[in-house]
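The values are calculated or read from the model by the stated rules, or taken from the named source; none is laboratory data. Just so you know, these numbers come straight off a predicted model, no measurement behind them. Every residue, glycine among them, receives a Cβ derived from its backbone with ideal geometry; neighbour counts consider all protein chains shown. The accessibility values were calculated without ligands, DNA or RNA, using every heavy atom of the protein model including side chains. Shrake-Rupley method; radii C 1.70, N 1.55, O 1.52, S 1.80 Å.
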Amino acid sequence: MGASTANFRAPGGIHPAYHKDLAAEQPIAEMPLPAMLVVSMSQHLGKPAEPTVKKGDTVLRGQVIGEAAGFISAAVHAPTSGTVKLVAAVATAAGPRATAITIVPDGEDTWVEGITPCPGWQTLDKKAIAEKIAAAGITGMGGAGFPTHVKVSPPPEAEIDTLILNGAECEPYLTADYRLMIEHAARIWEGALIIAKALEATTIRVAIEDNKPQAIAAMQDAIPAEAKDAQVVVLKTEYPQGAEKQQIFAITGREVPCGGLPLNVGIVVENVGTTLAVWEAVVNGLPLTERVTTVTGGPIATPGNVKARLGTSYADLVEFCGGTSGTISKIISGGPMMGFAQPDLACGTTKTTSGLLLLGPDAVQAYESMPCISCGRCVGVCPMKLMPNELSQFLEAEDYETAEAYNVMDCIECGCCAFECPAHRPLVQHMRRGKAQVMLIRRKQAS
Amino acid sequence: MTPILTTALTIGGAGLACGGLLALAAKFLAVKEDPRIEEINGILPGANCGGCGYAGCAAYAEAVLLKGAPINLCAPGGAEVLGHLADITGETAKVAEHKVAVVLCGGDVSHAPRKFDYNGVADCRAAHATGGGDKSCSFGCLGYASCSHACPVGAIEMVNGIAKVHRDLCISCGSCIRTCPRHLIKMVPYARTIHVMCSSKDKGPAVKKACKVGCIGCTICTKLAENESIKMAGFLAVVDYEKDLDSDAVIEKCPGKCIVRI
């Protein structure tokens, strides 16, 4: 099936150095079981899961160890068989603490009973598909971690016509989705058909940036010629083309309304990794217990794309990639633009850990923030057409009301403004804090 | 008539007419305001601290007369302001207990090191949102002075990387309490001088690892303190400020050295 280029161009955007060559040509390597797994109950957006095991219990791979706490939540499964050593609160990659279950693997890796493969998924109705996805605990694997079963069961009044598979991977350094598309294109395509069936969507688009020709070719080959209204759409390489709202605009020209969701314009966007997890969950009946993480950056001896069990500590990932050489100046969980800086390598991987990036002193510069010089560059690069210059000054003055009126809540925290600012102002950091404060004020007013 | 005379008469006439209208409006459309509001506003300290729960001194003055707000809410004004307010309104109320803010963390730079170099926005709330804050202890004072900036009277000083309240300057408005992302600041009676300077809910070993002057939850102080004036809340000793506590033993025997007299 042929490919087309995107018809529209989202506003703003930047061109950071990509450094994808470090890990792009490394095939996905399966990591052996580490000595210990620390499985967080907060691997998704929404309420953390409720632990269902206690210290001393033996668990089997795929067994539910954390139950979804409400609709916007996701179940957590044991990544391998073994013994529960500890149930305690530990710091997550994003900072706040959440309950985590420490499992010592027994090395057998025995699957739990009751795994039911369903190769004939075509006979399932949309409710059954959503249930299978919920049971497998799948969340968005691009970074935000929105529970997938919520996305595939839109309210009845929303008419979804298009499913977009997000393979843009616009974050510098990261290549996990790229490798998945090259190595598992056919499965991703079948996963897309499953999600499209659940959504009753008739149009499928696979969005890939034009710096990934191999992935484009692989996905094109995977889409059969008789497939109706399915196509690879080649996006211009630009950050943040992988952001949902920008991608929807680039492909369809539709604009998600202020404060709205893609389903308001009849679209659902799923990451390619999530789509593969859906395929595993529905066709093979397997819950989400592992993911591919790009381990990369200057100090890493052999950067690569590692398939590791959820809860594998960052230190174990680094060791699997040959350890480090030289000084490490920064550790980032995720990509360099939107990832979370880490104090150490103690954290464990979650369903959203797309990358682990170590930067040496040559790649890290500390800047002194200076007053705004009103050049307007941040306004030019903002993909949400906001005014970060004005907003940051309102937020510095703690004027949250005005910031809200200037739509601070529409900020997607992509970091383009801070990247571009010649005065090195921490613009996106102001936005993040501002958004949290506005949410607090809104919650207070509601109660 | 010369043009200059025409202009002068027109402008002058319009001015007179408008002036007359304004004079009439001032007389007939006047909003009658209780003169006591202005009087009370003059008595209040004028710090606009918001400690009374109203938007500022003027709003509180109005609330006292029109909404029946209690007259003893102005903590900075104390007994003097209360006396004036009682004279004006004819109401009586007890002087509210003199309270001062205290930052319940003693882990300064020499006791609790930094986990990483933070170079974001110099604000505690921003630092707290970045990887849980750069302080080794995830409950302790971050030291980016958000409370100090919020204090209307400059009563909070940053000493060795942690916030210290000057008790005699504090007007107990509570602005700092609302700012601290770690909820370390408590309003306590002025007479109570012994505090557990730690807010870590972690277990002993974790506290010890993070800070040299943390509460390790040994419970020794709860046994020494008279009439249960120190109680355990999980792994943390907490002073019950309702009860008297004046024992030097608790200070001396605390193995974490976190109970101090201020």
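Quick look at the values:
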quantity: Matching helices (runs of 4 or more DSSP H) fully within segment B:77-191 where at least 2 residues are within 14 Å of chain A (Cβ to nearest Cβ), open to solvent by less than 20 Å² (accessible area, probe 1.4 Å) and among the hydroxyl-bearing types (Ser, Thr, Tyr); calculated: B:175-179
quantity: Filter pass, A:Asp125 being of a type outside the set (Gly, Ala, Ser), surrounded by 15 or more Cβ atoms within 10 Å (Cβ to Cβ) and away from chain B (no Cβ under 14 Å); calculated: no
quantity: Among residues of segment A:12-22, those that are of a type outside the set (D, E, K, R) and either open to solvent by 80 Å² or more (accessible area, probe 1.4 Å) or out of contact with any helix residue (DSSP H, G or I) (no Cβ under 8 Å at 6 or more places or on another chain) (or both), counted; calculated: 5
quantity: Filtered residue count, segment B:90-110, keeping only those that are without any contact (Cβ under 8 Å) to a residue 40 or more places away in the chain and over 18 Å from B:Tyr241 (Cα atoms); calculated: 6
quantity: Identity of the residue in segment B:82-99, of a type outside the set (A, V, I, L, M, F, W, C) and touching a helix residue (DSSP H, G or I) at 6+ places or on another chain (Cβ under 8 Å), that ends up nearest to B:Cys176 (Cα to Cα); calculated: B:His98
quantity: Helices (runs of 4 or more DSSP H) contained in segment A:362-408 and holding at least 2 residues of a type in the set (D, E, K, R) and surrounded by 14 or more Cβ atoms within 10 Å (Cβ to Cβ); calculated: A:388-396
quantity: Residue in segment A:92-99 that is in a strand (DSSP E or B) and open to solvent by 70 Å² or more (accessible area, probe 1.4 Å) present; calculated: yes
quantity: Matching residues in segment B:192-243 - criterion: being in a strand (DSSP E or B) and surrounded by 15 or more Cβ atoms within 10 Å (Cβ to Cβ); calculated: B:Ile194, B:His195, B:Val196, B:Ile230, B:Lys231, B:Leu236, B:Ala237, B:Val238, B:Val239
quantity: Residue in segment A:424-445 that is in a loop (DSSP other than H, G, I, E, B), within 25 Å of A:Glu238 (Cβ to Cβ) and away from chain B (no Cβ under 11 Å) present; calculated: no
quantity: Close pairs from segment A:248-268: first among the hydroxyl-bearing types (Ser, Thr, Tyr), partner surrounded by 18 or more Cβ atoms within 10 Å (Cβ to Cβ) and assigned to a loop (DSSP other than H, G, I, E, B), Cβ under 7 Å, at least 6 apart; calculated: none
quantity: Within segment A:149-230, helices (runs of 4 or more DSSP H) holding 1 or more residues that are touching a Ser or Thr at 6+ places or on another chain (Cβ under 7 Å) and closer than 25 Å to A:Glu290 by Cβ; calculated: A:176-183, A:185-199
quantity: Selection status of A:Ala144, away from chain B (no Cβ under 14 Å), open to solvent by 40 Å² or more (accessible area, probe 1.4 Å) and hydrophobic (A, V, I, L, M, F, W, C); calculated: yes
quantity: Among residues of segment B:57-81, those that are under 20 Å from B:Leu169 (Cα atoms), out of contact with any strand residue (DSSP E or B) (no Cβ under 9 Å at 6 or more places or on another chain) and modelled with pLDDT under 90, counted; calculated: 9
quantity: Test: residue in segment B:42-65 that is within 14 Å of chain A (Cβ to nearest Cβ), in contact with a Ser or Thr (Cβ under 6 Å, 6 or more places away or on another chain) and part of a loop (DSSP other than H, G, I, E, B); calculated: no
quantity: Residue count, segment A:52-86 (criterion: surrounded by fewer than 18 Cβ atoms within 10 Å (Cβ to Cβ) and assigned to a strand (DSSP E or B)); calculated: 5
quantity: Some residue of segment A:352-366 being touching a residue at least 60 places away in the same chain (Cβ under 8 Å) and within 14 Å of chain B (Cβ to nearest Cβ); calculated: yes
quantity: Test: residue in segment B:251-261 that is open to solvent by 60 Å² or more (accessible area, probe 1.4 Å) and touching a strand residue (DSSP E or B) at 6+ places or on another chain (Cβ under 6 Å); calculated: yes
quantity: Some residue of segment A:164-173 being closer than 20 Å to A:Ala128 by Cα and open to solvent by 20 Å² or more (accessible area, probe 1.4 Å); calculated: no
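Here is a yes/no grid of residues against (1) touching a residue at least 40 places away in the same chain (Cβ under 8 Å); (2) small (Gly, Ala, Ser); (3) out of contact with any strand residue (DSSP E or B) (no Cβ under 6 Å at 6 or more places or on another chain):
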site: A:Ala75; (1), (2), (3): yes, yes, no
site: A:Pro79; (1), (2), (3): yes, no, no
site: A:Leu86; (1), (2), (3): no, no, no
site: A:Gly95; (1), (2), (3): yes, yes, yes
site: A:Ala130; (1), (2), (3): yes, yes, yes
site: A:Ala136; (1), (2), (3): yes, yes, yes
site: A:Gly145; (1), (2), (3): yes, yes, no
site: A:Ser153; (1), (2), (3): yes, yes, yes
